[in-house]
Amino acid sequence: MTSPLDKKLKITGPVLITANRLADGAVIYRTAHGGWTTQFSGASVVNSAPAAIALLDAAIADDVGAVNAYVAPVKLDPDGRTRPGNLRELIRLAGPTIELPQAAELPVAAG
Amino acid sequence: MYVYDAFDRTLVAERVSEFRGQVARRLSGELTEEEFKLLRLQNGVYLQLHAYMLRIAIPYGTLSSEQLRMLARIARRYDRGYGHFTTRQNIQFHWIKLEELPDAMAELASVGMHGMQTSGNNVRNITTDQWAGVAPDEIEDPRVWAEVIRQHVTLHPEFSFMPRKFKIAVGSSSHDRAALRIHDLAFRLHRNGSGETGFEVMVGGGLGRTPFLAKTIRPFLLKRDVLSYVEAVLRTYNQFGRRDNIWKARIKILVHDLGAETFAKEVETEWQGIKDGRLALDPAVVADVASRFVYPAYEALADSPPDLAQARRADRRFSTWVDNSVSNHKIPGYAIVTLSLKPEGGTPGDATAEQMDAIADLADRYSFGEIRVGHEQNLALPHVAQRDLFAVWRALDKIGVATSNVGLVSDIIACPGLDYCSLANARSIPVAQEITRRFRDRDLAHDLGRLHINISGCINACGHHHVGHIGILGVEKNGEEFYQLTIGGRADEEARLGTLIGPAVSYGEVADVVEDIVAAYLELRARPDEIFLETVERVGVEPFRERVYATR
């Protein structure tokens, strides 16, 4: 089956497929073995539109495992390690760039 | 407080039960995401960058201490120990798990809370003045009318699938604290020449990609006609609003394209057919709704007790806080206390579970168990006896919600931005945090006076940047965060959209630019009490533009 994204998808560098896990919304990445992982390093990284489309089609077909699957850019470090290709993907991987509110910093009022 | 009846409780409980079944079917695969998405959105459940987000309505910004404790419990048990108060009198939890949502919703339902119509193309949570019922300048409590409308539009089948979302606000004071002109439909209670009270009806306001201020289409509407008029406006929008283009679907586009006069004529035609029918309000029905807003049994107290003056003399910080965060109440001897959720370096609108519990306890002890939520993302204790102000301040200070910055430069309104939101192009929160650090000098902040900064992380404008005295909009340019700045906007009774001062600047420059704008204001103001907005109105945008871009 031809993906509707077939004509639109332009790949200019390495990409992966990412989504959110259905049950809890956690960020997940498509693996080379047709599964999902929360580990960025476990993602299948591809470099061509046909390969990305094949991964994406399979990811979308898994409607119970994942929600909102899409193609995301990846950056390759000189040593060959991969990292998220833009700020949005970095935040999805690492969490908000701000310190989250901490209960311990705020003593409860005496009353 | 508003006392919900058995009908309300049953409705909310049934919705929880229904949603529990829908979630189970989604998790089992019986429902696809395409089928489920609409259902979850109808219950205020979004999918954001890291997790699901649950948005819970706080109708007309009124919370009981019991409800606030429940929000604390939800934060602690189902989220990460905090919640985020929004610019529309809602609270959001950003780390909710879908599989746990039905249990969370059931707990919320036990105190009459829910996420119905906090998302989707329906009538959203109806907002009003957070000082409703206690403001000295109000004609009557606007919450009664907000509640009358809420009851009519909740789950109304004709208005559940409109072209786009629809936001209604109701105000009743000379000073607009509900940002009426940026709503799809707004009602302002006022008196006509005969002394009769009725509504000015405004329609077609909204920010986002194409900002417009609402236009007055009827200067005076009898109170008995408010429901039929709401119905006529919604029907007109439902019929003529565009469904082919999401960017042109809001009623503001329709009103703009048709012209307010033509739109008003269409509404009038529709309204004439229904105004004397079943929607004409029976005063007994309104009285019944009004009777369920229970007011405290206030004591007979005098204003300005001697102990208060003494405490102010003894403690400068307290005195500064009173000047900044305490407002007049309609009952002698009482005050409205605003709780700043904008500590230096904090996230605007965030409150931890511990803070919520402590505030609930303080509300029980000092404010008849009632808390208010304002669109500025601050809270309020609406019924504090002036004799208790010192004790209240000490308790609020201990939990970090007594920063004396209400209405000042660090009282920043900000959306969650790219740190949470899947729609955002740029971050809002760290920009806000950096600005608060730059203006940590309290004396400078108080010298600057009233100065509202609003930040949105994308063109959807949840941070209401168009109406900030200084507005900051995050955009993306070639994969980098950039920010456009406007000045001169305002959201009150003299609402105005800000003017862009020039090209967007990078993430690292935003706080510098705000400092430049403020420095220009200090040089340009005619006198120390000329506030920023007045200076912008007097001298225009150009001197600020020159100052910001001269060296960039």
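In table form, for the structure just shown:
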{"read-out": "Per-region count, segment B:1-54, residues in contact with a strand residue (DSSP E or B) (Cβ under 7 Å, 6 or more places away or on another chain) and at pLDDT 95 or above", "value": "11"}
{"read-out": "Residue list for segment B:131-159, restricted to those being assigned to a loop (DSSP other than H, G, I, E, B) and open to solvent by less than 20 Å² (accessible area, probe 1.4 Å)", "value": "B:ALA132, B:GLY133, B:VAL134, B:ALA135, B:ASP141, B:PRO142"}
{"read-out": "Subset of segment B:362-379 that is over 18 Å from B:HIS84 (Cα atoms) and in contact (Cβ under 8 Å) with a residue 40 or more places away in the chain - its residue that is surrounded by the most Cβ atoms within 10 Å (Cβ to Cβ)", "value": "B:ALA363"}
{"read-out": "Segments classed as helices (runs of 4 or more DSSP H), wholly inside segment B:161-277, with at least 1 members that are out of contact with any strand residue (DSSP E or B) (no Cβ under 7 Å at 6 or more places or on another chain) and within 21 Å of B:VAL144 (Cβ to Cβ)", "value": "B:226-240"}
{"read-out": "Segment B:281-333: number of residues that are more than 30 Å from B:ASP443 (Cβ to Cβ) and out of contact with any Leu (no Cβ under 7 Å at 6 or more places or on another chain)", "value": "23"}
{"read-out": "Residue list for segment B:25-67, filter: under 22 Å from the mean Cα position of the chain (by Cα), of a type in the set (Ser, Thr, Tyr) and at the interface with another protein chain (Cβ under 9 Å from one of its Cβ atoms)", "value": "B:TYR52"}
{"read-out": "Qualifying residue in segment B:2-24 (condition: open to solvent by 60 Å² or more (accessible area, probe 1.4 Å), assigned to a loop (DSSP other than H, G, I, E, B) and either within 30 Å of A:GLU89 (Cα to Cα) or facing another protein chain (nearest Cβ under 10 Å) (or both))", "value": "no"}
{"read-out": "Single residue of B:GLU530, B:GLU494 found to be surrounded by fewer than 16 Cβ atoms within 10 Å (Cβ to Cβ) and within 24 Å of the chain's Cα centre (by Cα)", "value": "B:GLU494"}
{"read-out": "Matching residues, segment B:443-457, being open to solvent by less than 20 Å² (accessible area, probe 1.4 Å), touching a Pro at 6+ places or on another chain (Cβ under 9 Å) and away from chain A (no Cβ under 14 Å)", "value": "B:GLY449"}
{"read-out": "Checklist (1) more than 14 Å from chain A (Cβ to nearest Cβ); (2) among the polar types (S, T, N, Q); (3) closer than 30 Å to B:TYR78 by Cβ applied to B:ASN324, failing item", "value": "(3)"}
{"read-out": "Yes/no for B:LEU279 being within 29 Å of B:MET202 (Cα to Cα), open to solvent by 40 Å² or more (accessible area, probe 1.4 Å) and either touching a residue at least 12 places away in the same chain (Cβ under 8 Å) or not assigned by TED's automatic domain parsing to the domain that holds B:PHE159 (or both)", "value": "no"}
{"read-out": "Filter pass, B:ILE139 being in contact (Cβ under 8 Å) with a residue 40 or more places away in the chain, touching a Leu at 6+ places or on another chain (Cβ under 8 Å) and closer than 30 Å to B:TYR52 by Cα", "value": "no"}
{"read-out": "Those strands (runs of 3 or more DSSP E) lying entirely in segment A:21-108 with at least 2 residues under 30 Å from B:ARG25 (Cβ atoms) and within 10 Å of another protein chain (Cβ to nearest Cβ)", "value": "A:66-76"}
{"read-out": "Given (1) within 14 Å of chain B (Cβ to nearest Cβ); (2) of a type in the set (Ser, Thr, Tyr); (3) under 21 Å from B:LEU47 (Cβ atoms), index of the condition A:THR12 fails", "value": "(3)"}
{"read-out": "Test: residue in segment B:40-53 that is assigned to a helix (DSSP H, G or I) and open to solvent by less than 20 Å² (accessible area, probe 1.4 Å)", "value": "yes"}
{"read-out": "Check on B:ILE74, more than 19 Å from the chain's Cα centre (by Cα), more than 14 Å from chain A (Cβ to nearest Cβ), surrounded by fewer than 19 Cβ atoms within 10 Å (Cβ to Cβ) and aliphatic (A, V, I, L, M)", "value": "no"}
{"read-out": "Complete set of residues in segment B:380-422 that are farther than 23 Å from B:ASP357 by Cα, touching a Pro at 6+ places or on another chain (Cβ under 8 Å), open to solvent by less than 10 Å² (accessible area, probe 1.4 Å) and of a type in the set (Val, Ile, Thr)", "value": "B:ILE412"}
{"read-out": "Residue within segment B:61-71 that is surrounded by fewer than 24 Cβ atoms within 10 Å (Cβ to Cβ), assigned to a strand (DSSP E or B) and in contact with a strand residue (DSSP E or B) (Cβ under 8 Å, 6 or more places away or on another chain) present", "value": "yes"}
{"read-out": "Those helices (runs of 4 or more DSSP H) lying entirely in segment B:347-442 with at least 1 residues within 11 Å of chain A (Cβ to nearest Cβ), polar (S, T, N, Q) and within 21 Å of B:PHE318 (Cα to Cα)", "value": "B:353-366"}
{"read-out": "Members of segment B:117-130 that are in a loop (DSSP other than H, G, I, E, B) and within 17 Å of the chain's Cα centre (by Cα)", "value": "B:GLN117, B:THR118, B:SER119, B:ARG124, B:ASN125, B:ILE126, B:ASP129, B:GLN130"}
{"read-out": "From the options B:TYR60, B:TYR52, B:TYR46, residue that is in contact with a Leu (Cβ under 6 Å, 6 or more places away or on another chain), under 29 Å from B:GLY206 (Cα atoms) and of a type in the set (Ser, Thr, Tyr)", "value": "B:TYR52"}
{"read-out": "Flag if B:TYR483 is closer than 30 Å to A:PRO84 by Cα and either touching a Lys or Arg at 6+ places or on another chain (Cβ under 6 Å) or open to solvent by less than 20 Å² (accessible area, probe 1.4 Å) (or both)", "value": "yes"}
{"read-out": "Count of segment B:77-86 residues which are of a type in the set (Gly, Ala, Ser) and surrounded by fewer than 19 Cβ atoms within 10 Å (Cβ to Cβ)", "value": "1"}
{"read-out": "Some residue of segment B:467-480 being outside any strand (DSSP E or B), open to solvent by less than 60 Å² (accessible area, probe 1.4 Å), closer than 25 Å to B:TYR420 by Cα and among the β-branched types (Val, Ile, Thr)", "value": "yes"}
{"read-out": "Filter result (part of a loop (DSSP other than H, G, I, E, B) and either among the β-branched types (Val, Ile, Thr) or more than 28 Å from A:ALA66 (Cβ to Cβ) (or both)) within segment B:85-113", "value": "B:THR86, B:THR87, B:ARG88, B:GLN89, B:SER110, B:VAL111, B:GLY112, B:MET113"}
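Rundown of residues vs (1) within 21 Å of B:LEU279 (Cβ to Cβ); (2) not assigned by TED's automatic domain parsing to the domain that holds B:GLY498; (3) not acidic (Asp, Glu), yes/no style:
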position	(1), (2), (3)
B:MET202	yes, yes, yes
B:SER228	yes, yes, yes
B:ASN238	yes, yes, yes
B:ASP244	no, yes, no
B:VAL255	no, yes, yes
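The values are calculated or read from the model by the stated rules, or taken from the named source; none is laboratory data. Please read all numbers here as calculations on a predicted model, not as lab measurements. When we count neighbours, we look across all protein chains shown, and the Cβ atoms used for this are built from the backbone with ideal geometry, even at glycine. Side chains included, ligands, DNA and RNA excluded: accessible areas come from the protein's heavy atoms. Shrake-Rupley method; radii C 1.70, N 1.55, O 1.52, S 1.80 Å.
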